[in-house]
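The values are calculated or read from the model by the stated rules, or taken from the named source; none is laboratory data. Bear in mind the structure is a predicted one, so any value in this text is a computation, not a measurement. When we count neighbours, we look across all protein chains shown, and the Cβ atoms used for this are built from the backbone with ideal geometry, even at glycine. Ligands, DNA and RNA are excluded from the accessible area calculation, which covers all protein heavy atoms including side chains. Shrake-Rupley method; radii C 1.70, N 1.55, O 1.52, S 1.80 Å.
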Amino acid sequence: MAYKRIISKEIEEEEIEYVIYCRKSTKDEDKQVQSIPDQIEACIRFANSEKNNLKIATKPNNYKEMFFKNDLDYNKTIEKEDNDKDEYNAEVYKKYRDMNLFIVTERESGKEAGIRPKRRKIIELIKSGKIK
């Protein structure tokens, strides 16, 4: 997800496009400090700040295949997001999905070993050089 931009004949600068990864930290809702939609909003604000000006990558065409076992799992996730009982959450999910940004969310707590398959997938993509 990175590309090079020539800034002079001798120097190339790599311009990086970033992936946003947000997750639950606990199964106990009372202890979850920041919701996933709040984390998404915070990451977007951080990336878009004048100080940082970071480019968020667009979602790859094979996003569903990368992060979901099948279309049914993907569709269930979209349905959960769209029907979130908190209207703010549903609005955030839809807004950024419509913008086609490369955002990966993990709704399972990591307290149990191996419970975060999307995190593992991102690490695989980094190790294989498919994203940096």
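Being modelled with pLDDT of 90 or more, more than 24 Å from residue 123 (Cβ to Cβ) and either in contact with a strand residue (DSSP E or B) (Cβ under 8 Å, 6 or more places away or on another chain) or open to solvent by 80 Å² or more (accessible area, probe 1.4 Å) (or both): is that true of residue 5 here? Before the answer, list the steps.
Numbers: modelled with pLDDT of 90 or more: no; more than 24 Å from residue 123 (Cβ to Cβ): yes; either in contact with a strand residue (DSSP E or B) (Cβ under 8 Å, 6 or more places away or on another chain) or open to solvent by 80 Å² or more (accessible area, probe 1.4 Å) (or both): yes.
Criteria not met by residue 5.
How many residues does region 66-76 contain that are within 15 Å of the chain's Cα centre (by Cα) and without any contact (Cβ under 8 Å) to a residue 24 or more places away in the chain?
Looking only at that region, the number is 2.
List the pairs whose first member sits in region 84-97 and is within 13 Å of residue 39 (Cα to Cα), whose second member is modelled with pLDDT under 95 and of a type in the set (Ser, Thr, Tyr), and whose Cβ atoms are under 8 Å apart, counting only residues at least 6 apart or on separate chains?
89/35
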